[in-house]
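Quick notes on the structure that follows.
The values are calculated or read from the model by the stated rules, or taken from the named source; none is laboratory data. Owing to the predicted nature of the structure, the values given are computational and were not obtained by experimental measurement. Cβ placement follows ideal geometry from the backbone for every residue including glycine, while neighbour counts extend to all protein chains displayed. Surface areas here come from the heavy atoms of the whole protein model, side chains and all, with no ligands, DNA or RNA. Shrake-Rupley method; radii C 1.70, N 1.55, O 1.52, S 1.80 Å.
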Amino acid sequence: MAKYDWLIVGAGFTGAVLAERIASQLGQKVLVVDRRDHIAGNAYDYRGPLGILVHKYGPHIFHTNSKMVWNYLSRFTQWMPYFHKVVGSVDGQFVPIPFNINSIEMTFPQGMAQRLCEELVETYGFGKKIPIMKLRETDAPNMRYIADYVYDKVFKNYTFKQWNLRPEDLDPMVTARVPFFISRDDRYFQDTYQAMPREGYTRLFERMLDHENIHVSLETEYKHAVESNPDARVVFTGPIDEFFDYQFGALPYRSLRFEMRQEPDQWAQPVGTVNYPNEFDFTRITELKHLTRDRADGTLLIEEYPEAYVAGKNEPYYPVPTPDTSKMLKPYQELAGSLSGKVWFAGRLGDYAYYNMDQACGRALALFEKQIVPAIR
Ligand code: FAD
Ligand code: UDP
């Protein structure tokens with residue numbers, strides 16, 4: 001008899017949620033493999049210098065509007081409320097990002113700021129969020145002025161650093177993640193639920209995977225695991241093009257290099273993250289203590305340096321959403337469809353989709369209910 005009913009490739013949010021569901025709700029045996037030497041995928045954290053919790057793959061802030069995802073994850077962790085704030089270094093001062101009414105008042109002389117804000121409120125409405133590329137479509141001179149200003153000072157160079165592409169070359173959803181906000185709310189997200197797992201992400205994953213039907217094998221490649229489990233059904237959360245040996249060409253990904261710095265000060269910056277659209281080679285600096293609430297004599301900072309993805313050298317952190325990649329993805333998705341009932345693809349890399357953590361969880365929960373449960377009946 002086969003030892004495992006399921007082989008789940010990847011111990012990130014997508015893989016862990018599906019393993020937990022299949023093990024606990026269907027009572028089937030699951031082998032979770034990951035090529036890395038730890039669970040939790042890109043959400044992995046560990047105790048680093050000064051006893052501060054380090055997010056190995058860059059700062060991860062949990063936020064969601066999905067009550068279902070929130071309730072589900074709350075079985076595996078308690079939470080610390082946390083509202084992430086970001087400022088951008090623009091012409092020598094730190095202004096709130098997303099750019100909002102407070103940012104306008106800090107940037108322009110009083111009378112001008114007032115006129116711009118009044119017109120924004122009249123045209124779009126207080127509390128509205130307008131993607132920068134949408135705001136730039138306006139013909140109204142004042143609105144066009146502020147749109148171009150924010151595009152030039154906040155988006156143009158940051159986006160080029162991050163993606164090596166111009167904002168207009170990307171799917172508009174990318175820059176729409178940080179829309180112009182006609183508000184005085186300086187938080188980076190406005191979701192209903194915003195918090196950090198009290199004991200960190202890795203602990204959350206340990207609890208999720210702690211089930212008698214789940215076995216985790218680290219530093220294990222899919223290709224190796226499938227040889228010993230040829231009959232198991234597969235959930236693949238790695239890169240979809242890699243699964244199919246790049247037969248329709250390699251999809252592009254964007255990578256990052258993280259540099260961690262320790263400083264003796266209690267605090268190095270006023271908020272969790274400072275974005276540097278126009279200076280330096282990094283895009284942003286995050287001070288972890290803001291996120292983790294650790295107390296320490298000193299502080300840790302993470303700088304993010306975007307770089308090209310090179311297979312085997314660095315990690316494919318971001319799919320690159322453009323019209324070209326969505327075309328390239330199609331034949332892979334068709335091939336994936338032809339394996340339905342035997343192999344399922346999901347996650348940021350399996351779907352080649354720019355998911356946040358809650359979206360990866362939501363996708364995994366939906367896949368379980370809509371496809372996996374019916375398939376085994
Ligand atoms: P992953 O976490 O990437 O897990 C996939 C796993 O599969 C990896 O561990 C990989 O090693 C393994 N794998 C791949 N191929 C193979 C193979 N062939 N064999 C074995 N194992 C394999 N989201 C938020 O909600 N808030 C944030 O603040 C946030 N910040 C982010 C910051 C950065 C810098 C990055 C890169 C992402 C951020 N995210 C954030 C997004 C978040 O990381 C993802 O939504 C989430 O990790 C996706 O989970 P996943 O399981 O789909 O993929
Ligand atoms: N962005 C920008 N300037 C900023 C913040 C964001 O140009 O100050 C653009 C950039 O293209 C970035 C995208 O908006 O990649 C999404 O930003 P987000 O902070 O959501 O990126 P992530 O946290 O996923 O790296």
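Below are the figures for this structure:
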item: Among (1) at pLDDT 95 or above; (2) away from ligand 1 (no atom under 13 Å from the Cβ); (3) in contact with a helix residue (DSSP H, G or I) (Cβ under 6 Å, 6 or more places away or on another chain) - the single one Gly341 does not satisfy; result: (1)
item: Any pair with Cβ under 6 angstrom, 6 or more apart, that starts in segment 35-57 at a residue that is more than 19 Å from Gly350 (Cα to Cα) and ends at one that is within 16 Å of ligand 1 (Cβ to nearest atom) and charged (D, E, K, R); result: Asp37/Glu219; Leu53/Asp45; His55/Asp45
item: Residue pairs meeting the criteria (Cβ under 9 Å; at least 6 apart or on separate chains; first within 26 Å of Glu168 (Cα to Cα) and at pLDDT below 95, in segment 111-140; second open to solvent by 100 Å² or more (accessible area, probe 1.4 Å) and in a helix (DSSP H, G or I)); result: none
item: Selection within segment 16-67 - open to solvent by 40 Å² or more (accessible area, probe 1.4 Å), within 19 Å of Arg198 (Cα to Cα) and in a loop (DSSP other than H, G, I, E, B); result: Tyr44, Lys56
item: Contacts under 8 angstrom Cβ, first residue in segment 91-106 being within 16 Å of ligand 1 (Cβ to nearest atom), partner open to solvent by 80 Å² or more (accessible area, probe 1.4 Å) and outside any loop (DSSP other than H, G, I, E, B), 6 or more apart; result: Pro98/Lys129
item: Given (1) among the small types (Gly, Ala, Ser); (2) part of a helix (DSSP H, G or I); (3) at pLDDT 95 or above, number of the condition Ala375 does not satisfy; result: (3)
item: Residue within segment 287-301 that is among the hydroxyl-bearing types (Ser, Thr, Tyr) and over 21 Å from the mean Cα position of the chain (by Cα) present; result: yes
item: Given (1) under 25 Å from Pro323 (Cα atoms); (2) away from ligand 1 (no atom under 16 Å from the Cβ), index of the condition Arg177 fails; result: (2)
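A quick yes/no check of all residues on (1) within 26 Å of Trp70 (Cβ to Cβ); (2) under 19 Å from the mean Cα position of the chain (by Cα); (3) among the β-branched types (Val, Ile, Thr):
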| residue | (1), (2), (3) |
| --- | --- |
| Asp5 | no, no, no |
| Thr14 | yes, yes, yes |
| Ala19 | yes, no, no |
| Ile22 | yes, no, yes |
| Leu26 | yes, no, no |
| Gly41 | yes, yes, no |
| Asp45 | yes, yes, no |
| Gly51 | no, no, no |
